[in-house]
Amino acid sequence: MDFLDARSDCGDDGTELECDVCIVGTGAAGMAIACELEGSPWDVLAIDGGGLTVAADTQALHDLDNIGYPLREDVVPRWRYFGGTTHTWGSKCVELMPSDFARRDYVPDSGWPISLDDLRPFYRRAAAWLELSDAGSADPEAWRDDSSYRAITSEGIAPTVIAWTPIQNVA
């Protein structure tokens, strides 16, 4: 893959970059898509809001006035440079739940046009890309016969399986 910094390599002369597929963001999802499309017949461009290293001016774009739940002063929730938050993400991988796709009356424009079942076939490819040891083990149904699963499962409790990838940084 070739890399360029549009701030310095393209100048301010109105240079246009053309591609067949444009990926916005170079964090875990953006880099996974870029790697999947590498070698394809398409011209792929991945763009990010930062450079190859942390810079105060681009990181400052995440500054905000928080009027809701208090944020910890010592935690940076997002990193705005090549690789994104995978530089500090802890490598935690959790599958979505059916409720994540549901429409909620109290959330405007909520609900997805696809379901978890539509997404499930792609989890194995994602697990392979993330080097997770057993792609099927993240599905709570795979644990249904395990005694520890039965011990925590009851009405109103939805089990979640968490996996950690050995990949610390996708960049």
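The values are calculated or read from the model by the stated rules, or taken from the named source; none is laboratory data. Note that this is a predicted model, so its numbers are computed, not measured. Using ideal geometry, Cβ is built from the backbone for each residue, glycine included, and neighbour counts are taken over all protein chains shown. Just so you know, the surface numbers come from the protein's heavy atoms only, side chains and all, with ligands and any DNA or RNA stripped out. Shrake-Rupley method; radii C 1.70, N 1.55, O 1.52, S 1.80 Å.
Applying the selection to segment 7-32, what residues are open to solvent by less than 80 Å² (accessible area, probe 1.4 Å) and either closer than 17 Å to GLY83 by Cβ or hydroxyl-bearing (Ser, Thr, Tyr) (or both)? Outline the logic, then answer.
Step one: of segment 7-32, the residues open to solvent by less than 80 Å² (accessible area, probe 1.4 Å) are 10-11, 14-15, 19, 21-23, 25-32.
The answer is THR15, ILE23, GLY25, THR26, GLY27, ALA28, ALA29, GLY30, MET31, ALA32.
(1) in contact with a strand residue (DSSP E or B) (Cβ under 7 Å, 6 or more places away or on another chain); (2) open to solvent by 70 Å² or more (accessible area, probe 1.4 Å); (3) of a type outside the set (D, E, K, R); (4) at pLDDT below 80: which one isn't true of TRP42, the others all being true?
With (1) in contact with a strand residue (DSSP E or B) (Cβ under 7 Å, 6 or more places away or on another chain); (2) open to solvent by 70 Å² or more (accessible area, probe 1.4 Å); (3) of a type outside the set (D, E, K, R); (4) at pLDDT below 80 applied to TRP42, the lone miss is (4).
Just one of ASP145, ASP109, ASP105 is modelled with pLDDT under 80, exposed (fewer than 11 other Cβ atoms within 10 Å of the Cβ) and in a loop (DSSP other than H, G, I, E, B); which is it?
Values: ASP109 fails: modelled with pLDDT under 80; ASP105 fails: modelled with pLDDT under 80.
After applying the criteria, what remains is ASP145.
Considering each of GLY49, GLY68, GLY83 in turn, give the residue that is within 18 Å of TRP129 (Cα to Cα) and not hydrophobic (A, V, I, L, M, F, W, C).
GLY83
Between residues in segment 21-39 that are closer than 19 Å to GLN168 by Cα and in contact (Cβ under 8 Å) with a residue 12 or more places away in the chain and residues that are among the polar types (S, T, N, Q) and open to solvent by less than 70 Å² (accessible area, probe 1.4 Å), which pairs lie under 8 Å by C-beta distance while being six or more apart or on different chains?
Partner pairs satisfying both residue conditions: GLY27/THR85; GLY27/THR86; ALA28/THR85; ALA28/THR86; MET31/THR86; ALA34/THR26.
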